[in-house]
1. Under 8 Å between Cβ atoms, which residue pairs at least 6 apart in sequence (or on different chains) link something in segment A:474-492 that is outside any helix (DSSP H, G or I) with a partner that is surrounded by fewer than 19 Cβ atoms within 10 Å (Cβ to Cβ)?
2. Can you spot a residue in segment A:46-57 that is within 10 Å of RNA strand B (Cβ to nearest atom), open to solvent by 40 Å² or more (accessible area, probe 1.4 Å), outside the structural domain of A:ILE472 (by TED's automatic domain parsing) and under 29 Å from A:ARG458 (Cα atoms)?
3. Of all the residues that make up segment A:83-130, how many are of a type in the set (A, V, I, L, M, F, W, C), touching a strand residue (DSSP E or B) at 6+ places or on another chain (Cβ under 8 Å) and closer than 30 Å to A:ILE243 by Cα?
4. So which pairs qualify, if the first residue must be in segment A:33-54 and more than 15 Å from A:LEU9 (Cα to Cα), the second must be open to solvent by less than 40 Å² (accessible area, probe 1.4 Å) and aromatic (Phe, Trp, Tyr), the Cβ gap must be under 8 Å, and the two must be at least 6 apart or on different chains?
5. Can you say whether A:ARG358 is at pLDDT 95 or above and of a type outside the set (A, V, I, L, M, F, W, C), as far as the supplied structure shows?
6. For A:ALA422, are the conditions met, namely being at pLDDT below 90 and within 28 Å of A:ASP245 (Cβ to Cβ)?
7. Please determine whether any residue of segment A:499-509 is part of a loop (DSSP other than H, G, I, E, B), crowded, with 18+ Cβ neighbours inside 10 Å and in contact (Cβ under 8 Å) with a residue 40 or more places away in the chain.
8. Hey, A:LEU289 hits all of (1) part of a helix (DSSP H, G or I); (2) over 30 Å from A:LEU240 (Cα atoms) but one; which does it fall short on?
Amino acid sequence: MKRTLQNMLSEALAASFREGLLPSCEIPPLEVDWTKDPAHGDYASNAAMILASRLKRKPRQIAEILVAKLGDSGGGIQKMEIAGPGFINFFIEPAQWYQMLGVVEERSERFGMSDLGGGRSMQVEFVSANPTGPLHIGHARGAVVGDVIANILAATGHSVFREYYINDAGNQMNNLGRSVYYRYLQLLGEAVEFPENGYQGDYITGLAREIMDRDGDRYRVLGEQEAVPVLSADAGGVILEGIKDDLKAFGVVFDLYFSERELYKDNGVAKLLEELKQKDFIYEEEGTLWFRTTAYGDEKDRVVVRQNGEPTYFAADIAYHRNKFARGFDTVIDIWGADHHGYIPRMMAGIQALGHEREALQVILVQLVSLLRDGKPVAMSTRAGEFVTLRQVVDEVGKDAARYNFLMRRSDSHLDFDLEVAKRQSNENPVYYVQYAHARICSIFRTAAERGFVRPARRDVDPSVLKLDEEIALIKAIVRYPEVVEAAALALEPHRLTFYLNDLAGLFHSYYNRNKVLSEDDPLSMARLFLVTCIQTVLRNGLDLLGVTAPVTM
RNA sequence: GCGCCUGUAGCUCAGCUGGAUAGAGCAACGGACUUCUAAUCCGUAGGUCGCGGGUUCGAAUCCCUCCAGGCGUACCA
């Protein structure tokens, strides 16, 4: 509908130019938007005001000419008004709205999907935590945001690939191996001192115990040098399996877990650095290799190979991103914790040096989460191994409440996550608001069946009996849903969907309290049942994109 | 010091990339269950959109100064 109006406006403008009613100029994109206030019609355009300065005419005069032209074409418009400084307000024929409800039925579980992306392939990389310990609450937000962005992109005609980058090649893994090794020695009764920067969580002791039970004192005999790499790989593998399980319980599944070590096979990283050196992006100074990231606007050049010969994380990350593009993805989306934002300029420089446009990489920053319990901060220290894990949160508050809570804010905004509030079954907790709307609709259908109503199809009802303002408002909200999904996809902002669903549920709850769906008036009951079916479809589709269940009963 | 982000109702946050009278939830107060689920609804109250300038028909939104908070500023990841 929005697009139809835009096209009509463009045509009207072109016609005015041809007929000399207006001095011609290049046609700028003409905007048509939803109105906030029903008094302003259903849609409004600011076209006349945009054109005013270019055409050197008064906005209202331009608006009048356009409205006269549009009047000729008819097409579902009940009336048009010129208002305020020069807005053109469109009032749509109710029949148009009713007709669009038919689309909801036709498209059903596909309503809201589109081919916006035209099949472009997008890779979404998220979570990507070191397998040095279980995922904690901070990772949970990134996991949901990434997962839902991927869902939304998939729904809008993109080919989506979800990937988890396992940072399993660096110091941290070595540290993990040492931590396990020392716990292991302690379990064997050695009075060794645990490394100061080691991982202190209880899970380390658990891993050490498993190894001891299985392999006895083998690694003590082997010695630290030999044992640490083995224990590191062993423990990393076990922890990664745990991470996968936790994510699965959280509703997050990846297409690929990509190991950083892959990049080092066949000297891959070294070869890449050599290539970049040929292109003069890399130079040597004081025994270290530097990447000329300043060539693309970074504030200083960055080290890629340290003095001790070890490549930095950045070096591997360039190789990783080259690998991504080599696999044919048109766009690569990285979801990072906001504390990594300083890393963006160098990564952007990296992909540009590889010959890609800046736009090919999109970085979404997710702010860290403050965990609360009844309004009081929960003490967390990763070093000391005191933290609330993703698994604990899912077990305590449930998958649906946890996911929904992470989607209630813009990603780039601090989030307080209160465990007590998230599991409270009250109106302080917004998850249930939307789910309850869905459950209520299901309940209406149970009652309807008892009273002998069948679920009506579009052709069984005369929607023109839906005359109430609230009913029209509901229909408009339903019709708007696909646009919300598209907007969320374009902006990579899943929270828009959350807010929309909350609004739709609100409209429904209000309507439900004021009006009976089932009454003595059969045609009205049927029409309302059909309306409610459409709401149910949208709620279910929307919740599905969020990865939150749509319960039949609550 | 420099860079990025944030600043909107008592609290937590939206505000559709510049539109019409700035919205919602919670908290407060007052109402609605013999009714398709009260995990709901209706109403009241609550604002110098951090401050000051600028851009234009029009600014919470864009630009600049300043103030406050967070993060970053590694041969860590």
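The values are calculated or read from the model by the stated rules, or taken from the named source; none is laboratory data. This is a predicted model, so every value here is computed, not measured. Note: ideal-geometry Cβ built from the backbone for every residue, glycine included; neighbour counts use all protein chains shown. The accessibility values were calculated without ligands, DNA or RNA, using every heavy atom of the protein model including side chains. Shrake-Rupley method; radii C 1.70, N 1.55, O 1.52, S 1.80 Å.
1. Listed by first residue and then by second, the contacts come to A:LEU492/A:GLN362.
2. The answer is no, given that none of the residues of segment A:46-57 is within 10 Å of RNA strand B (Cβ to nearest atom), open to solvent by 40 Å² or more (accessible area, probe 1.4 Å), outside the structural domain of A:ILE472 (by TED's automatic domain parsing) and under 29 Å from A:ARG458 (Cα atoms).
3. Qualifying residue count, segment A:83-130: 4.
4. A:TRP34/A:TYR43; A:THR35/A:TYR43; A:GLY41/A:PHE90; A:GLY41/A:PHE91; A:ASP42/A:PHE90; A:ASP42/A:PHE91
5. Taking the combined requirement at face value, the residue does not satisfy it.
6. yes
7. Checking segment A:499-509: not a single residue is part of a loop (DSSP other than H, G, I, E, B), crowded, with 18+ Cβ neighbours inside 10 Å and in contact (Cβ under 8 Å) with a residue 40 or more places away in the chain.
8. (1)
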